[in-house]
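Reviewing the structure listed below.
What follows draws every value from the coordinates through simple rules; no lab data is involved. The model shown is predicted, which means the values in this text are computed figures rather than measured ones. Glycine gets a Cβ as well: all are built from the backbone with ideal geometry, and neighbour counts include every protein chain shown.
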Amino acid sequence: MSKVYFTDMRTKPGRNLLDKLQILIKKAGIEQIDFKDKFTAVKIHFGEPGNLSYIRANYAAKIVGFLLNQQAKPFLTDSSTLYLGRRSNAIDHIESAFENGFNPVAVPCPVIIADGLKAIDYKEITIDQKYCKTAKIGAAIAEADVIVSMNHFKGHEQAGFGGALKNLGMGSASRQGKLELHSSSKPIISEDLCTSCNQCVKNCASDAVHLNNKKKAEIDYEKCVGCGQCVAVCQFDAAQPVWDSSTDIMNYKIAEYTLAVIKDKPNFHINFIMDISPNCDCWNCNDAAIVPNIGIAASFDPVALDKASADMVTQSGANLNTVLNVHKYGEFQNVDKFKLIHPNTDWKAGLEYAESIGLGSTDYELITI
Ligand code: SF4
Ligand code: SF4
């Protein structure tokens, strides 16, 4: 049984939430990790601009301050997105991070976009699992000595909820890795969006894509091996993944990618169970939180941490005026609200699979401090 440490949202003068965060991580044993001179990836989601439910930079500053005191070399990091937005390449991504408060004034360490300028800089880590033999992990995360994850716990339209596993597994994948997680098919080209820039043609190692007589990219599916490089290099969203309908398999692959991220490295995880919006922070908006803020939890075991967090959301009553359409405060207590909002997802199957590959335990002891 894994230990999950938890602190609620209550504060008093001299003991604010930042103080409580520091106490929490120490109680959970983070000081057991030798951080001295270690490149420490603080894996976080900076939030798509317009979204306001991502983790506040103040919390990141507290964690980074702690790591600096431990003589670590910390950096805030995330990989760029698969789809076009304001976090789909390193320049836009860093600007978005700064805009959302993750800048050198607020947080005393660099922001490094893990998979590089155009989201194609990754290391292939061998994991030999059922769905993925290797995982394409953003190079800066793959090369880090220690992983600390700061995870906003909320709903997710494809995974059911997003917590430690989603932030680590999906969030650390390079764009090609994300393609692998989301899809088992070969990409398609949207002619309307294609600008004839020729980048996909130049970067396809299988010589499978060419500009046709309309000067639009066209894939030869006889030659295409589905590597996703054209999706990765297309800056116009014209080369697109075909999204998988099976969210279960995506959750299993996320677990396998998480294994690749933390394999053979000291790692520690913190879930911020607050501003629990129904959908991912990748949206440029956040719908009303479905339950009241719950608190912060920390553990060495990302599976136990996610299970404990999900159980706390299940146990909580729901907020009024949300997507759940609750009319009386406290309704939906002991109901799996993520399943209600995203009925085609099965987060429990994802956690059970994660447990089966040795990522952690769904059995946990919750220690409240
Ligand atoms: S990279 Fe994108 S926009 Fe450029 S030619 Fe290929 S599909 Fe068209
Ligand atoms: S998926 Fe890979 S092989 Fe297929 S067209 Fe794109 S770059 Fe070429």
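Points to keep in mind about this one:
- Projecting the Cα atoms of 231, 277, 354 onto the dipole axis of the chain, where Lys and Arg carry +1 and Asp and Glu carry -1 at the beta carbon, places 277 farthest toward the positive end.
- Approximate spin-label separation residue 284-residue 10, in nm, with each point projected 7 Å along Cα-to-Cβ: 4.2 nm
- Relative packing of 4-16, 60-72, which averages over residues the other C-beta atoms within 10 Å, highest first: 60-72, 4-16
- Cα pair distances in the stretch 145-207, grouped into 10 Å bins until the bin that holds the longest one, percent each: 16, 35, 26, 22, 1
- In this Cβ point-charge picture (+1 for Lys and Arg, -1 for Asp and Glu), the stretch 113-153 has a dipole of about 200 debye about its Cα centre.
- Annotation: for a label point projected 7 angstrom from Cα along Cα→Cβ of residue 103, residues of the stretch 81-96 with backbone N closer than 12 Å are 95-96.
- Here the stretch 257-318 and the stretch 140-166 have alpha carbon centers that stand 8 Å from each other.
- About the centre of its Cα atoms, the chain shows a dipole size close to 660 debye [charges on the beta carbon of Lys, Arg (+1) and Asp, Glu (-1) only; nearest 20 debye].
- Distance between the 7 Å Cα→Cβ label points at residue 352 and residue 23: 3.8 nm.
- Diffusion coefficient of the stretch 113-230 by Stokes-Einstein, Kirkwood radius over Cα pairs, 25 °C, 0.890 mPa s: 153 µm²/s.
- Range of Cα positions in the chain per principal axis (Å), largest first: 69, 51, 39
- Highest-fluctuation residue, 23, 147, 94 considered, GNM on the chain with Cα pairs under 10 Å: 23
- The mean sequence separation of alpha-carbon pairs under 8 Å and at least six residues apart, normalised by the residue count of the stretch 241-369, gives a relative contact order of 27 percent.
- Cα gyration tensor shape of the stretch 178-254, rounded if a/c is under 1.5, else prolate or oblate by comparing a/b with b/c: prolate
- Over the chain, relative contact order from alpha-carbon pairs under 8 Å, at least 6 apart, %: 22 percent
- Dipole of the chain [Lys/Arg +1, Asp/Glu -1 at C-beta], most positive-end residue of 319, 258, 60: 60
- Around the Cα centre of the stretch 186-291, unit charges on the Cβ atoms of Lys, Arg, Asp and Glu (plus for the first two, minus for the last two) sum to a dipole of about 380 debye.
- Antiparallel bridges, percent of DSSP beta bridges restricted to the chain (to nearest 5): 50 percent
- Computed helical MRE - 222 nm, the chain, DSSP H runs ≥ 4 contributing -39500 (n - 2.57), nearest 500: -8000 deg cm²/dmol
- 3J(HN,Hα) along the stretch 32-40, derived from phi through the Karplus expression 6.51 cos²θ - 1.76 cosθ + 1.60 where θ = phi - 60°, amounts to 5, 7, 7, 8, 4, 6, 8, 5, 10 Hz, with x in place of Gly and Pro.
- Ordering 360-366, 124-130, 237-243 by mean Cβ neighbour count within 10 Å, with the highest value first, yields 237-243, 360-366, 124-130.
- Counting only Cα atoms, the size of the stretch 232-369 along its three principal axes is 47, 41, 22 Å, in decreasing order.
- Label point at residue 235 placed 7 Å out along Cα→Cβ; residues across the stretch 115-132 whose backbone nitrogen lies under 19 Å: 115-122
- Sorting 268-279, 296-307, 210-221 by average packing, meaning the other beta carbons within 10 Å per residue, from highest down gives 296-307, 268-279, 210-221.
- Separation in nanometres of the label points that stand 7 Å from Cα toward Cβ, at residue 361 and residue 243: 3.7 nm
- Note: relative contact order over the stretch 101-215, using C-alpha pairs below 8 Å and six or more positions apart, is 18 percent.
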